[in-house]
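Only one structure is covered here, and it is reproduced in the block below.
The values are calculated or read from the model by the stated rules, or taken from the named source; none is laboratory data. Because the structure is a prediction, the values reported are computed rather than measured. In this analysis, Cβ positions are derived from the backbone assuming ideal geometry, glycine residues included, and neighbour counts consider all displayed protein chains.
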Amino acid sequence: MAIEDRSVISITPEAVEAILGIRAQEPDAEELALTVSITGVKGLLFTYELTFIPVVDAAATDVLQRFDDLPVVVRADSVARLEGATIRAGEGTLGIDNPNSPSPKIAAGTAELTGPLADKIATILETQINPAIAGHGGFAELVAVEGDTVYLRLGGGCVGCGLAQVTLGQGIEVAIRTAVPEVGAIIDVTDHASGTNPYYEAAKK
């Protein structure tokens, strides 16, 4: 039996109505649940799959939620990445607003930050940021500090990575600004065109 005491996603009333209308066209509709899962990454966003399965086929590790007459199964391997997401109805379609991104998460650190701004940034890179992005084969290094402007270079798997700007904007930059609020602009000076082994390769045009 799937886990039922946890709330992972939300669905707008309009989306529930639309999904129930689609389900009504299926055989044994009353026995079906909507399943939601993440299937991969495209560009800077997750890709999703929404299908119907019999409620009884939900795995024990899946999360089962109920929205009026609509049971929804969130697949176990997608739960963490769908936390806080909302399914909404658009113009003849369904959309998912997901606060999560494929960018690696950078945890808050406890290292003491003292000295000049450059020393503080170097400490954040060493103790928080590089351990987090090392799993993607990448690292970040401080190039220079001019006034309150910080110049960074990404290396390893981050060079040429299609998600580098997500990692910088939602991971590295947030971590730096949280720990060192006096920082001004944060500028990426990486030559991403030189990347030979990016963790996630940008789509070729």
Just one listed residue, out of Glu182, Glu126, Glu141, is touching an Asp or Glu at 6+ places or on another chain (Cβ under 7 Å), of a type in the set (D, E, K, R) and at pLDDT 75 or above, and it is Glu182
How do the pairs read when you match residues in region 87-115 that are farther than 30 Å from Ala18 by Cα with residues anywhere that are assigned to a loop (DSSP other than H, G, I, E, B) and at pLDDT 80 or above, using Cβ under 8 Å and keeping only pairs 6 or more apart or on different chains?
Leu113/Val180
What pairs come out if I take residues in region 34-46 that are modelled with pLDDT under 80 and pair them with residues that are surrounded by 13 or more Cβ atoms within 10 Å (Cβ to Cβ) and in a strand (DSSP E or B) whose C-beta lies under 6 Å away, six or more apart or interchain?
Phe46/Ile38
Members of region 49-97 that are more than 14 Å from Thr12 (Cβ to Cβ) and touching a helix residue (DSSP H, G or I) at 6+ places or on another chain (Cβ under 7 Å)
Phe52, Pro54, Val55, Ala59, Thr61, Asp62, Val63, Asp69, Pro71, Val74
Conditions first: (1) among the basic types (Lys, Arg); (2) modelled with pLDDT under 90; (3) touching a helix residue (DSSP H, G or I) at 6+ places or on another chain (Cβ under 9 Å). Arg23 passes all but one, so which condition is the exception?
(2)
Subset of region 77-93, residues modelled with pLDDT of 85 or more and not basic (Lys, Arg), comes to Asp77, Ser78, Val79, Ala80, Leu82, Glu83, Gly84, Ala85, Thr86, Ile87, Ala89
Out of all the residues in region 156-164, is one or more surrounded by fewer than 21 Cβ atoms within 10 Å (Cβ to Cβ), part of a strand (DSSP E or B), modelled with pLDDT of 90 or more and over 16 Å from the mean Cα position of the chain (by Cα)?
no
Within region 60-86, the residues that are in contact (Cβ under 8 Å) with a residue 60 or more places away in the chain and hydroxyl-bearing (Ser, Thr, Tyr) are Thr86
All conditions in (1) surrounded by 16 or more Cβ atoms within 10 Å (Cβ to Cβ); (2) at pLDDT below 75; (3) part of a helix (DSSP H, G or I) are true of Ala175 except (2)
Name the one entry in Ile87, Ile53 that is crowded, with 19+ Cβ neighbours inside 10 Å and closer than 24 Å to Gln25 by Cα.
Ile87
